[in-house]
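No lab work stands behind these numbers, since they all come straight from the coordinates. Small disclaimer: the values here were computed from a predicted structure and weren't measured. Ideal geometry is used to build each Cβ from the backbone, glycine not excepted, and the neighbour counts take in all protein chains shown.
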Amino acid sequence: MKMVFRWYGEGNDTVSLQQIKQIPGVEGIVWALHDVPAGEEWPMDKIMAYKQLADQYGLHLEVVESVNVHEDIKLGLPTRDLYIENYKKTIEKLASVGVKTICYNFMPVFDWIRTDLFKELEDGSTALFYEKAKVDQMDPEELVRKIADTPDFTMPGWEPERLKKLSPLFEAYKNVSEDDLWNNLQYFLERVIPVAEQHDIRMAIHPDDPPWSIFGLPRLMTSQDNFRKLLKLVDSPSNGITLCSGSLGANPKNDIPSMVREFADRIPFAHIRNIRVYDNGDFIETSHRACDGTVDIVEIVKAYHESGFTGYARPDHGRHIWNEQCRPGYGLYDRALGIMYLWGIWDSLEQAKKRGN
C-alpha cells in the first residue's frame, strides 16, 4: 500500500507540502489543476509547476484526482469527440511527468452531495453531513447556493462557471436514461483506455457519492454488480476503480470488503474513510476508527492486505478538529490521524503475517 495525501495546490490549500511530508509513510500528493475547466486540455506549464513543487519535498505526483469529464461526454452530444481528444492529450502530458493513476467520475451534474459542510458531532468536532429528507425535498438551486457559501475554497465538482447553467443541464438530462449513461461511458472508455494503456496509466472511476439517484438524475457507480459491468465495458487493467469506502458505505447493503477481494487487481486507488449511517438514511462522516462509524475499516484494510494491495491509498475526508480552519473535509489534523490509524491496522497485519498467524 502506497500512502498519498490530497493537496489542492499552493495558495489554494491550508495544508502545506512541508506538513504533508511530515506525516509518516506519505509518499506523494494527489493533485489536479482545479482552475482548468472540464473538457479543456491541461497546459504543460501548469503541470510542470506542480511537479517542481512536489520535487522540492521529495513527494511524487503519481495520482491525479480528477481530470474531470465534460458534461457533453456524459450526455453523448456530438461535441463529445472534441472533449475526448483533449482528455487523451492530457493523459499523454500527465504520463510525461510520471502520473500512474487518474481518478475520475461519471456523475451527472453533481460530483458529491452533502446538506451541511460543518455538522457538529458529539465531541464538538464538525464534519460533512447528508440529510436525506432535506435532499428529497429541496430544489437543486438551493443546494448550489449552500455549497457556494464557502467562497474561500474551490469545491471540486461544484465549479461556479458550470453550475451557473444548472437549469439547462437538468433539461439536457431529461431524456437520458441509465442505459444511455452506460452507453456514453462505454463510448468514452473505448477511446480513452487505449491511450492510457499506451502510457502505462490506469484510469480509476470513483463511486457515485452517495450511491443512488439524486434529483432524478441517473447514476451508475453504486454497487458491486455495477462495478462488474463497468470492468466488462472495456476489459483492460487500465480500466479500474477508485474504491471509496465512504461513498459506497452510505448504502449499508454494499459489502465493501467483498468488493476489495473481488476487484483487487482492478483497484489502483483506494479512498478509505468512515461514515455513520442512520436508520432514516442520513449519514455523517466520522473519524476513521471503525467503532465510530458503520463502515468496518478494519475489515476493509484486512481485505486489501490479504489481496496483496500495492496501489495507492489516501485517508479521504476528515473531520474538522482542534479549531482548524480549512476546506470542508480536507484539514490536516484528522486526515493525518486517519493515516496513522490505517498504518496501525496495516502494520499489525504485517507483523501477524511475519509470525505466521
Revision key, fill the gap. Answer in debye to the nearest 20: the dipole magnitude of region 1-145 about its Cα centre, from +1 Lys/Arg and -1 Asp/Glu charges placed on Cβ, is 500
Point to revise | Additional length obtainable on full extension of the chain from Asn323 to Glu190, 0.36 nm per residue less Cα span | key: 43.2 nm
Check your understanding: Quick one: putting +1 on the C-beta of Lys and Arg, -1 on the C-beta of Asp and Glu, what dipole do you get for the chain around its Cα centre, in Debye to the nearest 20?
Key -> 760
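Can you tell me the relative contact order of the chain? Whole percent, Cα pairs under 8 Å, sequence separation 6 or more. Don't jump to the answer; show the numbers that get you there.
Numbers: 629 pairs, mean separation 61.4, N = 357.
Reported as a whole number, the value is 17 percent.
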Point to revise | Computed E for Leu82/His34 - FRET, C-beta separation, R0 22 angstrom, nearest 0.05 | key: 0.50
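Please list, by residue number, every one of the chymotrypsin sites (Phe, Trp or Tyr not before Pro) in region 298-340 that is coil in DSSP and has at most 16 other beta-carbon atoms within 10 Å. Could you put the intermediate results ahead of the total?
Working: sites: Tyr304, Phe309, Tyr312, Trp322, Tyr330, Tyr333; in loops: Phe309, Trp322, Tyr330.
Qualifying residues, ordered by number: Trp322.
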Practice item. Would you mind classifying region 249-349 by shape? Square roots of the alpha carbon gyration tensor eigenvalues, ordered a ≥ b ≥ c; an a/c under 1.5 is rounded, otherwise it is prolate if a/b is larger than b/c and oblate if not. Key: oblate
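Among bridges DSSP assigns within the chain, what percent are antiparallel (round to 5)? Could you put the intermediate results ahead of the total?
Details: 10 of 36 bridges.
Once the DSSP bridges in the chain are tallied, antiparallel ones form about 30 percent.
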Point to revise | Length gained when the stretch Asp265-Gln52 is fully extended (0.36 nm per residue, less Cα-Cα span) | key: 73.5 nm
Exercise for review: Could you sort out which of Lys119/Lys353; Lys119/Lys354; Lys89/Lys229; Lys2/Lys354 sit more than 31 Å apart by Cα distance in this structure?
Suggested key: Lys119/Lys353; Lys119/Lys354
Point to revise | Under 13 Å from the Glu10 label point (7 Å along Cα→beta-carbon), backbone N, region 39-64 | key: 46-57
Exercise for review: Apply 1/(1 + (r/R0)^6) to the Cβ-Cβ distance of Lys89 and Asn251, taking R0 = 35 Å, and write down the FRET efficiency to the nearest 0.05.
Suggested key: 0.45
Check your understanding: Say the dipole of the chain comes from +1 at the beta carbon of Lys and Arg and -1 at that of Asp and Glu; which of Ile73, Met203, Ser348 then lies farthest toward its positive end?
Key -> Ser348
Practice item. Would you calculate the separation in nanometres between label points at Glu141 and Ser177, each defined as 7 Å from the Cα along the Cα-to-beta-carbon direction? Key: 3.1
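Given R₀ = 56 Å, FRET efficiency for Phe170-Ser348 by Cβ-Cβ distance, to 0.05?
On the way: r = 48 Å, r/R0 = 0.87.
The pair Phe170/Ser348 has a calculated efficiency of 0.70.
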